[in-house]
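The next block holds one structure in the form of structure tokens; read it before the comments.
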Amino acid sequence: MTEAAAELGNAQRVRYRDQVRRARAVVRLARYADQASARAARLVRAAGRLGSRLPPLVWDLMLPTLLLLNVMTTRAPQELPVAVVLTTALALPLVWRRRAPLTVFGVVAAAAFVQWLVDVQLPADIALLVALYTVAANSGRRGTLVAAAIVEAGVLLACLRWATEGAFLTPFVAVTAMTVAAAVLGVNVRTTRAYLAALKERAARLEEEQEQQARVAVAEERTRITREMHDIVTHNLSVMVALTDAAVYAQHRSPDKATTAMLQISETGRQALTDMRRSLGVLRTDEPDAERHPLPGIAQLEALADQMCAAGLPTRLEVEGGHTHIPATAQLTVYRLVQEALTNTLKHTPAGTHAKVRIRCSAETVTVDVTDSGPRPPLPGATSFGHGIPGMRERSAAYGGKLQAGPLPDGGWGVHTCLFLSSSGVVSE
């Protein structure tokens, strides 16, 4: 029993050592296989980089060269002249296949037919598949179908002559599959090229549209700045002219009032310069004035009314509802509408005229009413040559409003509009 147990233990140890050796051998083989795969991948990548740098003509010359070398090294001396001539006729036209695919295919097909007539089998027959691929990749559907039919007819003739007895179907199906694969591959390449060309055209069109949108945005910005400059300059110059006239009239009778008017003129000029710097500050990256002086809004209408009173136009302001929720651009529009309307009243009405400004604010709309009590002739801004009333209409239309400006039934002049604050009613300026 003891000897039998010892023998059994020895046999188990031997089997265990054999299993360990086999496992280590498998691990080494796996490691070697991984290293070989990595080397092959590096070689493929290097070949791909080298191939991408070679011109297409080099690739087109490579196949005829290889086929000629194969014929010259495998054919018997008595068969060599005919084989070399036929191989040259089959493979050499492929050099020009990118320039004239249909012509090259015709030459290769004719050479293949001559080869069939003289009953010589050559590896250069693969040139016919390359020519078919080129036709499918560069011609339309009709040319591809005609070329594929010609190749298939050649396949049938070749299998009828050179297939061994009783083995016609296998080579015929195999070569037919190769023909279909060459044609399908060429069609896929042509489709991919067309798709990429369409993408490039679309990208170019989108870039052109973006440039057009940028030009339109620049034009709109110029129009906006021009409108702002018109409102600022017209209003402040009108106020300064009125104050200057008042100062000249009062300089002898009431020097204190003349001094006050002159101070008002100075303040109005400084305000005009500030407004101009603020409006033009968007054109300069180093202009901090727009941050120091925010855009005027409904809160600044009281100062505007006081300025008009100092210029000789008594103005009463009424603001109904809160305006803190109204966007800054909408408040600027309200301010410019009121400013333009009061400026027109100051310029075109006689002394003693009174003006009234009424602003009604709600969650969705802002209603602006500016009326005065003075008779006046038609406003120059109402004609097609001015910018006053048309500019006001543009500002109002930007928020979906329709400006109404004209004489009132009881006398005087009125301006009315309603601005819509909802996104559907806003049109970007």
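Below are the figures for this structure:
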| quantity | calculated |
| --- | --- |
| Residues of the range 342-355 classified as modelled with pLDDT of 85 or more and either of a type in the set (A, V, I, L, M) or not assigned by TED's automatic domain parsing to the domain that holds Val415 (or both), total | 2 |
| Residues (in a helix (DSSP H, G or I) and over 16 Å from Asp306 (Cα atoms)) located in the range 321-335 | Ala328, Thr329, Ala330, Gln331, Leu332, Thr333, Val334 |
| Criterion violated by Asp306 - all others in (1) closer than 19 Å to Asn236 by Cα; (2) touching a helix residue (DSSP H, G or I) at 6+ places or on another chain (Cβ under 7 Å); (3) modelled with pLDDT of 85 or more satisfied | (2) |
| Single unsatisfied condition, Glu318 versus (1) in a strand (DSSP E or B); (2) under 16 Å from Ser238 (Cβ atoms); (3) acidic (Asp, Glu) | (2) |
| Of all residues in the range 30-80 being of a type in the set (Ser, Thr, Tyr) and loosely packed, with under 10 Cβ neighbours inside 10 Å, the one that is modelled with the highest pLDDT | Thr73 |
| Filtered residues of the range 309-341 (kept if of a type outside the set (A, V, I, L, M, F, W, C), closer than 21 Å to Gly388 by Cβ and at pLDDT 90 or above) | Thr315 |
| Single residue of Ala194, Ala181, Ala214 found to be in contact with a helix residue (DSSP H, G or I) (Cβ under 9 Å, 6 or more places away or on another chain) and either part of a helix (DSSP H, G or I) or among the small types (Gly, Ala, Ser) (or both) | Ala181 |
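For (1) of a type outside the set (Val, Ile, Thr); (2) assigned to a helix (DSSP H, G or I); (3) over 22 Å from Asp60 (Cα atoms), each residue gets a yes or a no:
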site: Phe113; (1), (2), (3): yes, yes, yes
site: Trp116; (1), (2), (3): yes, yes, yes
site: Thr134; (1), (2), (3): no, yes, no
site: Leu156; (1), (2), (3): yes, yes, yes
site: Glu165; (1), (2), (3): yes, no, yes
site: Ala177; (1), (2), (3): yes, yes, yes
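The values are calculated or read from the model by the stated rules, or taken from the named source; none is laboratory data. All of these numbers come straight from a predicted model, not from anything done at the bench. Cβ: placed from backbone, ideal geometry, glycine included. Neighbour counts: every protein chain shown.
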